[in-house]
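The next block holds one structure in the form of structure tokens; read it before the comments.
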Amino acid sequence: MKFLRSAAPSIFAVAMLAPGAVLAADVIEGQRIYNQHCIGCHGPGGHSALPNAPHFSRGERLMQPDMLLLATIKAGKMTMPSFNGILRDQQILDVIAYLRTLQR
């Protein structure tokens with residue numbers, strides 16, 4: 001047991017430095033990415049600019065867990081294109097964090 005206790009901090013440190021480790025979401029970066037890639041359809045402030053696009057300002061579709069939203073954004077849905085290969089997972093999580101600030 002003593003070995004496990006002493007090894008735990010170093011295992012944790014290695015996991016934190018592992019490639020692909022998710023960092024805390026950056027809302028400011030999420031807003032920048034949203035303004036670059038999403039605003040055309042989802043509108044400023046999350047007020048939908050196109051029919052059938054979710055109104056993020058009303059919290060539409062945001063009751064889903066982040067990982068489900070991430071998968072949807074990567075795959076695309078209906079008229080929304082896939083962002084797989086365009087945005088990294090961390091960038092998508094930044095956008096999701098920003099979207100969650102738009103709810104009123």
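The values are calculated or read from the model by the stated rules, or taken from the named source; none is laboratory data. The structure presented is a predicted model; accordingly, all values stated were derived computationally and were not measured. Every residue, glycine among them, receives a Cβ derived from its backbone with ideal geometry; neighbour counts consider all protein chains shown. Just so you know, the surface numbers come from the protein's heavy atoms only, side chains and all, with ligands and any DNA or RNA stripped out. Shrake-Rupley method; radii C 1.70, N 1.55, O 1.52, S 1.80 Å.
Things worth noting here:
- In region 30-87, the residues that are among the acidic types (D, E) and at pLDDT 95 or above: D66
- Restricting attention to region 42-57, the residues that are in contact with a helix residue (DSSP H, G or I) (Cβ under 8 Å, 6 or more places away or on another chain) and either open to solvent by 70 Å² or more (accessible area, probe 1.4 Å) or among the acidic types (D, E) (or both) add up to 2.
- Subset of region 76-93 (residues that are part of a strand (DSSP E or B) and not charged (D, E, K, R)): M80, N84, L87
- Candidate set: region 57-75, residues that are hydrophobic (A, V, I, L, M, F, W, C) and assigned to a loop (DSSP other than H, G, I, E, B); chosen: the one farthest from the chain's Cα centre (by Cα): M63
- A24 vs. criteria modelled with pLDDT under 50, among the hydrophobic types (A, V, I, L, M, F, W, C) and exposed (fewer than 10 other Cβ atoms within 10 Å of the Cβ): no
- Residue check, M78 without any contact (Cβ under 8 Å) to a residue 40 or more places away in the chain, loosely packed, with under 12 Cβ neighbours inside 10 Å and under 14 Å from the mean Cα position of the chain (by Cα): no
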